[in-house]
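Enquirer: Take a look at this one; I'll ask things after.
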Amino acid sequence: MRTYSKKLALEVLERDHWCVYCGSPHNLTIAHVVNKGMGGTKHKDLANNLVCLCIKCHEKCDNGSDGYIIRDYCKNYLNGLEITL
């Protein structure tokens with residue numbers, strides 16, 4: 001369930017431009033790096049906790065056995081932009 005604004009989603013899309021994990025420019029979604037199930041709250045609906053992922057990578061991130069790998073990659077991506085969680 002999306003809890004962030006459309007304005008914030010556009011901000012993240014403009015920042016990232018493509019899936020930050022696989023590089024695909026297609027079927028982009030906005031993903032929480034720290035989601036509610038991992039201790040996040042609605043207050044985590046900030047650009048420093050959101051990244052663009054394609055649908056496939058977002059699904060793997062949320063439901064795959066290697067989701068932690070994608071999350072760690074996204075955290076490193078944000079750290080490289082000097083955006084901290």
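The values are calculated or read from the model by the stated rules, or taken from the named source; none is laboratory data. Treat the numbers as computed from the prediction; the structure is a model and nothing was measured. Cβ: placed from backbone, ideal geometry, glycine included. Neighbour counts: every protein chain shown.
Enquirer: Could you tell me which residue of the range 71-82 is surrounded by the most Cβ atoms within 10 Å (Cβ to Cβ), considering only residues that are of a type outside the set (Gly, Ala, Ser) and either in contact with a Lys or Arg (Cβ under 6 Å, 6 or more places away or on another chain) or farther than 12 Å from TYR21 by Cα (or both)?
Expert: It comes out as LEU81.
Enquirer: Run down VAL20, VAL34 and say which single residue is in a loop (DSSP other than H, G, I, E, B) and at pLDDT 95 or above.
Expert: That would be VAL20, the only listed residue that is in a loop (DSSP other than H, G, I, E, B) and at pLDDT 95 or above.
Enquirer: Just the residues that are of a type in the set (Gly, Ala, Ser) and modelled with pLDDT of 90 or more, please, taken from the range 60-85. First the steps, then the outcome.
Expert: Our first condition is that a residue be of a type in the set (Gly, Ala, Ser); within the range 60-85, this holds for 64-65, 67, 80.
Hit for the range 60-85 is GLY67, nothing else.
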